[in-house]
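The values are calculated or read from the model by the stated rules, or taken from the named source; none is laboratory data. Given the structure is predicted, the values throughout are model-derived calculations rather than measurements. Neighbour counts are summed over all protein chains in view; Cβ atoms, including those assigned to glycine, are modelled from backbone coordinates with ideal geometry. With ligands, DNA and RNA removed, areas are computed over all heavy atoms of the protein, side chains included. Shrake-Rupley method; radii C 1.70, N 1.55, O 1.52, S 1.80 Å.
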Amino acid sequence: MRLYLGLSGAITLIEPVDFRRLDVLIDPQINGRLDPAIARIGHRDGDQHVWLCPQILRFLSGHAGEADWEAGFGGMLAYAAKAGWVNGEGMVRAHLTWVENREMVSHDDFKAAMRALPAGIAAITTLGGGEPAALIVSSLTSISADPPMVGFFINEKSPMAGHLLETQKFVANILGHEHARLVQTVLSQPQGNARFAGGSWAAGYGDIPVLQDAVASMECDIVHNWRLGTHRLFVGLIRHAASRTGANPLVNFGAEIRSLQAGDGA
Ligand SMILES: Cc1cc2nc3c(=O)[nH]c(=O)nc-3n(C[C@H](O)[C@H](O)[C@H](O)COP(=O)(O)O)c2cc1C
């Protein structure tokens, strides 16, 4: 099995049923993020090796509890112990393997490609330091129907990321063409009450502001978050949802905010 510490910040276990080898693959472009990534899975042993926590391998495998996999994994650990690769704390030693440098798209080409994707616009609301907080996103997406979950990505530099981690709840308010000015208010005002100056807001689940005339609103508990590159994914389990028909939603396309139906002047 091979643990992969990728440039994105994701840690994955590949080839989880291959018990004949154990190493840690490292993306060469990971730069300053290598030591924090290693700290999440164990600790360093010189330049060439790391000590890994077997429970983390079990968790990442997706096969823990399956009789065949447990037998193979137990056999691998027993073999490692005999060879002197298991320490007094039960940590197992593995080689660091640097994967080859692979090509990556330029920032400009990435942005140009994503500008071609029409995406709905939502105001994510939560609480921060006792005050309401809001952020405009185009990354809101459906994740699962059962249980019902949505998610979005927030730049780690935005204070909103800390507010969401603290409050563990949010409301996703999907916006229509009548909210074009509200979008400008949220984008231009400092975080806090000033971002709620436009629009008809009322306190909802956990006192978080809900936009009363939103195209749809979803009141959620955060059930998962994960840092990926510059952004953090937040996943919410939807507790309450409201929606209306006949709306003309706002859409982000070609680096412009437009309304979906032409001729509305949004
Ligand atoms: C159409 C549009 C979509 C956006 N989507 C996102 C997003 O998905 N995630 C994000 O972190 N920022 C997104 N932004 C940027 C934030 O809304 C913007 O950085 C924010 O206003 C900065 O506020 P802050 O100082 O509270 O971080 C988007 C901006 C616009 C105009």
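The eigenvalues of the Cα gyration tensor, multiplied by 5 and square-rooted, give region 1-120 an equivalent ellipsoid with semi-axes of 33, 18, 11 Å from largest to smallest. For the chain, the dipole from Cβ point charges (+1 on Lys and Arg, -1 on Asp and Glu) about the Cα centre works out to 200 debye, to the nearest 20. Using the Cβ of Asp109 as centre and a radius below 13 Å, the other residues enclosed give a net charge of 0, where K and R count +1 and D and E count -1.
Taking region 210-254, how much of its Cα-Cα pair set, in percent, is spaced more than 14 angstrom apart? Cα-Cα pairs of region 210-254 separated by over 14 Å account for 65 percent. Within the accessible surface of region 113-259, defined with a 1.4 Å probe on protein heavy atoms only, the carbon and sulfur portion equals 54 percent. Solvent exposure of the chain, expressed per residue, is 54 Å² of accessible area, with all protein chains present and a 1.4 angstrom probe.
Near Gly206, once Lys and Arg are set to +1 and Asp and Glu to -1 for all other residues with Cβ below 15 Å from its Cβ, the sum equals -3. Binning all Cα-Cα separations of region 113-259 at 10 Å, short to long from zero, yields these whole-percent fractions: 12, 45, 38, 6. With contacts taken as Cα pairs under 8 Å and at least 6 residues apart, the chain reaches a relative contact order of 16 percent. Only helices enter this figure: runs of n ≥ 4 DSSP H residues, each worth -39500 (n - 2.57), summed and divided by the residues of the chain, yield -6000 deg cm²/dmol at 222 nm to the nearest 500. Using only alpha-carbon positions in the chain, the gyration tensor eigenvalues give semi-axes of 44, 20, 17 Å once each is multiplied by 5 and square-rooted (largest first).
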